[in-house]
Amino acid sequence: MTATELLERYANGDRNFVGAYLRRADLREANLSGGNLSGADLSGADLSRADLSRADLLVANLREANLSGANLSGADLSRAIMPDGRKWEEYREDSLAGICDEPQIRAKAIAAWGNHMWGTCPMSMAFGITGARDILMAAWVAVYDAKFLPDP
């Protein structure tokens, strides 16, 4: 299935995309809210600024997917493979792994936990940046903004 086919089907009311092969698909700013993408291969896909709210991403492959600015609120990420290659459940246990491994940086991120504005969010405070600098950080921000991560 191509990104164009997916978006056409979605526009026509179809929400069932179970097992869709969308590797490296350009789905920037796509509205896939409430779509069933369980088991879909979205590895390397550009999902920046996509609306994936309430989407079923159960067992979906999001390895190396760009989730910068994506709306994941209410999405089901159970057993999904996250952009860093870890399953959702492992990712959720230590979402800062691979991003904030240095103790001082991790401490700064944890101290800012709960802030959702870029100037005071954990990534901004840890690294002194104003935007996600890579796909792993962008994915973390999307998941964090959807309020899926437990307090450290």
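The values are calculated or read from the model by the stated rules, or taken from the named source; none is laboratory data. None of the values given here were measured: they were computed from a predicted structure. Virtual Cβ from ideal backbone geometry, glycine too; neighbours counted across all protein chains shown.
Figures for the structure shown
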{"item": "Qualifying residue in the stretch 127-135 (condition: basic (K, R), over 26 Å from D26 (Cα atoms) and surrounded by fewer than 23 Cβ atoms within 10 Å (Cβ to Cβ))", "result": "no"}
{"item": "Any chance W118 is among the aromatic types (F, W, Y) and in a helix (DSSP H, G or I)", "result": "no"}
{"item": "Hey, S95 hydroxyl-bearing (S, T, Y), surrounded by 18 or more Cβ atoms within 10 Å (Cβ to Cβ) and out of contact with any strand residue (DSSP E or B) (no Cβ under 9 Å at 6 or more places or on another chain) or not", "result": "yes"}
{"item": "Single condition D101 does not satisfy, out of (1) in contact with a helix residue (DSSP H, G or I) (Cβ under 7 Å, 6 or more places away or on another chain); (2) surrounded by fewer than 16 Cβ atoms within 10 Å (Cβ to Cβ)", "result": "(1)"}
{"item": "Test set (1) at pLDDT 90 or above; (2) more than 17 Å from L72 (Cα to Cα) - G131 fails condition number", "result": "(1)"}
{"item": "Flag for L58 being modelled with pLDDT of 95 or more and not in a loop (DSSP other than H, G, I, E, B)", "result": "no"}
{"item": "Residue identified as within 28 Å of A126 (Cβ to Cβ) and buried (at least 21 other Cβ atoms within 10 Å of the Cβ) among A112, A107, A30, A65", "result": "A65"}
{"item": "Count of residues meeting criterion [closer than 18 Å to G69 by Cα, of a type outside the set (D, E) and part of a strand (DSSP E or B)] in the stretch 20-46", "result": "1"}
{"item": "Leading residue by the ranking (farthest from R63 (Cα to Cα)) among those in the stretch 1-31 that are within 18 Å of the chain's Cα centre (by Cα) and among the acidic types (D, E)", "result": "E29"}
{"item": "Qualifying residues in the stretch 81-140 (those that are touching a residue at least 12 places away in the same chain (Cβ under 8 Å) and among the charged types (D, E, K, R)) - the one nearest to G19 (Cα to Cα)", "result": "D84"}
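For (1) of a type outside the set (A, V, I, L, M, F, W, C); (2) closer than 23 Å to S48 by Cα, each residue gets a yes or a no:
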{"site": "K87", "(1), (2)": "yes, yes"}
{"site": "P103", "(1), (2)": "yes, no"}
{"site": "I110", "(1), (2)": "no, no"}
{"site": "G119", "(1), (2)": "yes, yes"}
{"site": "F127", "(1), (2)": "no, yes"}
{"site": "A132", "(1), (2)": "no, yes"}
{"site": "I135", "(1), (2)": "no, yes"}
